[in-house]
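Participant: Questions regarding the structure given below will be posed in turn.
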Amino acid sequence: MKRKNIAAANWKMNTTVQEGVALMNELCAQDLDKGAQVVVCAPATHLYALSQLSTPEHVAIGGQNIYTKDSGAFTGEISCPMLKSTGATYAVVGHSERRAYFAETDEFLGEKAKAALSHGLTPIFCCGEGLDIRKAGNHVEHVMAQLKASFALLTAEEVAQLVIAYEPIWAIGTGETASPEQAQEMHAAIRNYLKDAYGADTADSISILYGGSVKPANAKEIFGQPDVDGGLVGGASLKADSFSAIVNSF
């Protein structure tokens, strides 16, 4: 099974609804590679408005966060049924900012991924290491431990439906970028873990994205690595021309 090439935009906490609609319209006016799955992960306030726009078939929308429960007294949280009702088909789970600023644990993120899958949402499941772990040389072991702890809550069939995003935290918003070789090393390690734990078919079908200061200038070289299937793009996704250049880098 051929893995999907995916370019996912993470707008984070940026743009008003009106600005987001304008950005989406500008993006969709570009000549976007139809061989790539494009996912725009916008603030929850924007999603329904974005879903009402005329967009190419290969452009989907996603949420940046979800909660594990379907409903209840959880003020401010967004359930999977709510997210799905906006027209979203993807959900980011476990972004490094959620882990760092909101103390989300590996086990809780496994519950989030399971909830998303139960409602037909595709999780973009994030993992990655900080600079101290990278400098200590323990980055592969750290990321494998994150995945094992979260995926322990999922069945093999559920794991096979994930998209995984590797985020070298030290290369997010810093202007630093993991070299193509560093990205490939971790992506290969993740794929080997999936092969050992879930079989070759699952490992070969899961798209693994790189998320760490992806730009038009480096996307082609990073995406050209054998185990890199695309990117989770932050700052460069806030301009239609730069993100479209990344989409067209496969």
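The values are calculated or read from the model by the stated rules, or taken from the named source; none is laboratory data. On a predicted model such as this, the values are computed, not experimentally measured, just so you know. Note: ideal-geometry Cβ built from the backbone for every residue, glycine included; neighbour counts use all protein chains shown.
Participant: Only one residue in Thr75, Thr55 is in a loop (DSSP other than H, G, I, E, B) and either over 30 Å from Asp204 (Cα atoms) or of a type in the set (A, V, I, L, M) (or both), so which one is that?
Facilitator: Working: Thr55 fails: either over 30 Å from Asp204 (Cα atoms) or of a type in the set (A, V, I, L, M) (or both).
Only one candidate qualifies: Thr75.
Participant: Going residue by residue through region 122-136, is there one that turns out to be touching a residue at least 12 places away in the same chain (Cβ under 8 Å), buried (at least 18 other Cβ atoms within 10 Å of the Cβ), more than 18 Å from the chain's Cα centre (by Cα) and part of a helix (DSSP H, G or I)?
Facilitator: Yes, there is a match, as at least one residue in region 122-136 is touching a residue at least 12 places away in the same chain (Cβ under 8 Å), buried (at least 18 other Cβ atoms within 10 Å of the Cβ), more than 18 Å from the chain's Cα centre (by Cα) and part of a helix (DSSP H, G or I).
Participant: Of everything in region 5-29 that's exposed (fewer than 15 other Cβ atoms within 10 Å of the Cβ) and not in a helix (DSSP H, G or I), which residue is nearest to the chain's Cα centre (by Cα)?
Facilitator: In the first step, residues of region 5-29 are kept if they are exposed (fewer than 15 other Cβ atoms within 10 Å of the Cβ); the result is 13, 16, 18-19, 22, 25-26, 29.
From what's left, not in a helix (DSSP H, G or I): 13, 16, 29.
Working: Met13: 15, Thr16: 22, Ala29: 23 Å.
Filtering region 5-29 for residues that are exposed (fewer than 15 other Cβ atoms within 10 Å of the Cβ) and not in a helix (DSSP H, G or I), the one nearest to the chain's Cα centre (by Cα) comes out as Met13.
Participant: Next question. If I ask for residues that are part of a helix (DSSP H, G or I) and farther than 21 Å from Asp204 by Cα, which ones from region 142-170 would you list?
Facilitator: Of region 142-170, the ones part of a helix (DSSP H, G or I) are 142-151, 156-159, 169-170.
Those that are part of a helix (DSSP H, G or I) and farther than 21 Å from Asp204 by Cα: His142, Ala149, Ile169, Trp170.
Participant: Tell me which residues, restricted to region 33-74, are surrounded by 20 or more Cβ atoms within 10 Å (Cβ to Cβ), hydrophobic (A, V, I, L, M, F, W, C) and over 16 Å from the mean Cα position of the chain (by Cα).
Facilitator: Hits for region 33-74 are Leu47, Leu50.
Participant: Follow-up. So, in region 137-155, how many residues would count as being over 18 Å from the mean Cα position of the chain (by Cα), of a type in the set (Gly, Ala, Ser) and farther than 23 Å from Ile222 by Cβ?
Facilitator: 3
Participant: Of the residues that sit in region 30-49 and are among the hydrophobic types (A, V, I, L, M, F, W, C) and part of a loop (DSSP other than H, G, I, E, B), which one is farthest from Ser85 (Cα to Cα)? Break it down stepwise before answering.
Facilitator: Here is the first cut: in region 30-49, the residues among the hydrophobic types (A, V, I, L, M, F, W, C) are 32, 36, 38-42, 44, 47, 49.
Narrowing further to those that are part of a loop (DSSP other than H, G, I, E, B): 32, 42.
Details: Leu32: 26, Ala42: 15 Å.
Restricting to residues being among the hydrophobic types (A, V, I, L, M, F, W, C) and part of a loop (DSSP other than H, G, I, E, B), the top hit is Leu32.
Participant: Still on this structure, please answer the following. Within the set of pairs 6 or more residues apart or between chains, which connect a residue that is closer than 18 Å to Asn218 by Cβ inside region 156-175 to a residue that is among the β-branched types (Val, Ile, Thr) with Cβ atoms less than 6 Å apart?
Facilitator: Cβ pairs passing all conditions: Ala165/Ile124; Ala171/Thr177.
Participant: List the residue pairs whose Cβ atoms are under 7 Å apart, where the first residue sits in region 28-56 and is over 15 Å from Gln18 (Cα atoms) and at pLDDT 95 or above, the second is hydrophobic (A, V, I, L, M, F, W, C) and part of a loop (DSSP other than H, G, I, E, B), and the two are 6 or more positions apart or on different chains.
Facilitator: Cβ pairs passing all conditions: Asp33/Phe250; Gly35/Phe250; Ala36/Phe250; Val38/Leu32; Cys41/Trp11; Pro56/Leu32.
Participant: Continuing with the same structure: Just to verify a result, which residue in region 165-178, among those that are farther than 15 Å from Val233 by Cβ and in contact with an Asp or Glu (Cβ under 9 Å, 6 or more places away or on another chain), is modelled with the highest pLDDT?
Facilitator: Applying the filter and picking the extreme gives Ile169.
Participant: Only one of (1) in contact (Cβ under 8 Å) with a residue 24 or more places away in the chain; (2) part of a helix (DSSP H, G or I); (3) within 19 Å of Val38 (Cα to Cα) fails for Ala236. Which number is that?
Facilitator: So Ala236 meets the others, but not (1).
Participant: Just checking, does region 192-203 include any residue being within 30 Å of Met13 (Cα to Cα) and in contact (Cβ under 8 Å) with a residue 24 or more places away in the chain? Reasoning before the result, please.
Facilitator: Let us first name the residues in region 192-203 that are within 30 Å of Met13 (Cα to Cα), namely none.
Checked against the condition, which is being within 30 Å of Met13 (Cα to Cα) and in contact (Cβ under 8 Å) with a residue 24 or more places away in the chain, region 192-203 yields no hits at all.
Participant: Quick check, is Leu117 touching a residue at least 12 places away in the same chain (Cβ under 8 Å), under 17 Å from the mean Cα position of the chain (by Cα) and either buried (at least 24 other Cβ atoms within 10 Å of the Cβ) or not in a helix (DSSP H, G or I) (or both)? If you could, list the steps in order and put the result at the bottom.
Facilitator: Values: touching a residue at least 12 places away in the same chain (Cβ under 8 Å): yes; under 17 Å from the mean Cα position of the chain (by Cα): yes; either buried (at least 24 other Cβ atoms within 10 Å of the Cβ) or not in a helix (DSSP H, G or I) (or both): no.
In short, no.
Residue-wise test of (1) crowded, with 21+ Cβ neighbours inside 10 Å; (2) closer than 27 Å to Ala183 by Cα; (3) touching a helix residue (DSSP H, G or I) at 6+ places or on another chain (Cβ under 6 Å).
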| position | (1), (2), (3) |
| --- | --- |
| Leu83 | yes, no, no |
| Ala88 | yes, no, yes |
| Ala100 | no, yes, no |
| Phe108 | no, yes, no |
| Lys112 | yes, yes, no |
| Asn138 | no, yes, no |
| Tyr166 | yes, yes, yes |
